[in-house]
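Here the structure comes first, spelled out in structure tokens, and everything after it is commentary.
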Amino acid sequence: MHHMTLAEIARGLADKKFSSEELTKALLARITQLDPQLNSFISLTEELALSQAKAADARRANGESGALLGAPIAHKDLFCTQGIRTSCGSKMLDNFKAPYDATVVAKLAAAGTVTLGKTNMDEFAMGSANESSHYGPVKNPWNLEHVPGGSSGGSAAAVAARLLPAATATDTGGSIRQPAAFTNLTGLKPTYGRVSRWGMIAYASSLDQGGPLARTAEDCAILLQGMAGFDPNDSTSIDEPVPDYSASLNGSLQGLRIGVPKEYFSAGLDPRIAELVHNSVKALEKLGAVIKEISLPNMQHAIPAYYVIAPAEASSNLSRFDGVRFGYRCENPENLVDLYKRSRGEGFGAEVQRRIMVGAYALSAGYYDAYYLKAQKIRRLVKNDFMAAFNEVDIILGPTTPNPAWKLGAKNSDPVAEYLEDVYTITANLAGLPGLSMPAGFVDGLPVGVQLLAPYFQEGRLLNVAHQYQLNTDWHTRTPTGF
């Protein structure tokens, strides 16, 4: 049963080939057996999962139906789950049990999903390798010596290893799409505001967005359907109707205009990945798409702008973790200042401390105009580039990452080298656009992804293109050895 996709599970449950309870027990046993190799879970929620599975079976017995009713998933451990540890991968929140469900968690529970557990992640979603977690690094099931990508590496590794069919994730600068590329999955970052951020512990509020990680575009469509929608609790949520994403999967690609930015094929891109990207372009061309070279001239400024804006917002958001109200508190503080200093110094890891310091500096008096304000101006230029491009093309295609997954620890001594791996993904977050990564081949036995970007609220178009591509390729069907 563990090889089934969400769509196949939905059909199996509807046809009474198995029950949600049987499926849940099988997957929980598989996680217990195999996850010690991967470290993809922080918490397993067996009791909750079995109670939700029994409830889903009862709802089906009473005549209810739905693609997510009885479907097992897991949540990235920054989505608040009532009464369950929500750690954000940090010692700071190791003892925090959320008093409420995040909107995404509540919506998916109402749709009948079964929560198997909470997945490992880079601490406070800060990282591209899933090595900064307080609970240890996650390992890539395609090669246990390599990283799975971050910050949603736990969700990605668990789905790639067939421990479960799909999982929630979040993307601040590529944290859904990059781990999807590294683990041979399909990952979708929706338009900013499409999925509620209420109850999602913030890293950078103007960049964070929740989305699905699964093996196929079809499964991403199913999971996004349950996640998306307006939320009055979230001031950044957009009151825009949610289309039927599954209904648009089978549309023709005839005449679809695909733009390929010339800036994507610079010296920093592994030539073997460039070849796979060109192969994907040819495959879509055969399906009727029209290819056009375009330009995104301000892309070169995106990384420095992002690494000013994101840390600045992080320094503000993480100021609430001070050892006073909740979370980690140091022992025997001498006074209030000592309480603050030691609680934050002991509770936050090195990468989080680094970004807080960078952000606080960028926002400080005398430097705000020179750094933060200038970065926001660059952000507008990046958005303008996309708006101009989408006047010429319907979607944009390119590599998801410049390199395949690197070895564990390879970039620990050089954080900037790790930051540069986000070069193709962060522009979508700066502009608030939807982006999708889909499997496109392998380099040295490691998966490679191709990224698709679309105008605002055109997630259906991305899913349509990815689904048609996956009907005509088999990269997404490959399974890592041993899983």
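Right, residue 482: closer than 30 Å to residue 37 by Cβ, modelled with pLDDT of 95 or more and out of contact with any Lys or Arg (no Cβ under 9 Å at 6 or more places or on another chain) or not? No; evaluated as a whole, the condition is false for this residue.
When residue 159 is tested against (1) closer than 19 Å to residue 189 by Cβ; (2) touching a residue at least 60 places away in the same chain (Cβ under 8 Å); (3) in contact with a strand residue (DSSP E or B) (Cβ under 8 Å, 6 or more places away or on another chain), exactly one condition is not met: (2).
Screening residue 424 with (1) open to solvent by less than 10 Å² (accessible area, probe 1.4 Å); (2) aromatic (Phe, Trp, Tyr); (3) in a helix (DSSP H, G or I) gives one miss only, at (3).
Count of the range 385-401 residues, restricted to those that are assigned to a loop (DSSP other than H, G, I, E, B) and either touching a His at 6+ places or on another chain (Cβ under 6 Å) or open to solvent by 10 Å² or more (accessible area, probe 1.4 Å) (or both), is 4.
Cβ separations smaller than 7 Å between residues 6+ apart or across chains give the following pairs from the range 371-397 residues that are touching a residue at least 12 places away in the same chain (Cβ under 8 Å) to residues that are among the aliphatic types (A, V, I, L, M) and open to solvent by 60 Å² or more (accessible area, probe 1.4 Å): 372/363.
Within the range 253-292, being open to solvent by 20 Å² or more (accessible area, probe 1.4 Å), farther than 14 Å from residue 400 by Cα and without any contact (Cβ under 8 Å) to a residue 40 or more places away in the chain holds for 254, 255, 262, 267, 282, 285, 290, 291. Scanning the range 150-197 for residues that are assigned to a helix (DSSP H, G or I), closer than 24 Å to residue 303 by Cβ and not β-branched (Val, Ile, Thr) yields 153, 156, 177, 178, 179, 180, 181, 182. Screening residue 222 with (1) under 21 Å from the mean Cα position of the chain (by Cα); (2) among the aliphatic types (A, V, I, L, M); (3) open to solvent by 50 Å² or more (accessible area, probe 1.4 Å) gives one miss only, at (3). Taken over the range 429-454, the residue count meeting the criterion of being assigned to a strand (DSSP E or B) and either touching a residue at least 60 places away in the same chain (Cβ under 8 Å) or open to solvent by 10 Å² or more (accessible area, probe 1.4 Å) (or both) is 16. The set of residues in the range 470-483 being buried (at least 16 other Cβ atoms within 10 Å of the Cβ) and under 15 Å from residue 214 (Cβ atoms) consists of 470, 475, 476. If you go through the range 223-241 and keep only what is part of a loop (DSSP other than H, G, I, E, B) and touching a residue at least 40 places away in the same chain (Cβ under 8 Å), you end up with 229, 231, 233, 234, 236, 237, 238, 240.
The set of residues from the range 293-314 being in contact with a Leu (Cβ under 8 Å, 6 or more places away or on another chain) and open to solvent by less than 20 Å² (accessible area, probe 1.4 Å) comprises 302, 305, 306, 309, 310, 312.
The single condition from (1) open to solvent by 30 Å² or more (accessible area, probe 1.4 Å); (2) free of Cβ contacts under 8 Å to residues at least 40 places away in the same chain that residue 250 fails is (2).
The strands (runs of 3 or more DSSP E) located wholly in the range 31-139 that include 2 or more residues which are of a type outside the set (Val, Ile, Thr), open to solvent by less than 10 Å² (accessible area, probe 1.4 Å) and within 29 Å of residue 246 (Cα to Cα) occupy 72-76, 114-119.
The values are calculated or read from the model by the stated rules, or taken from the named source; none is laboratory data. Everything numeric here is computed off the predicted structure, so don't read it as measured data. Quick reminder, even Gly has a Cβ in these numbers, built from the backbone with ideal geometry, and neighbours come from all protein chains shown. Accessible surface is based on the protein model in full, side chains and every heavy atom, while ligands, DNA and RNA are left aside. Shrake-Rupley method; radii C 1.70, N 1.55, O 1.52, S 1.80 Å.
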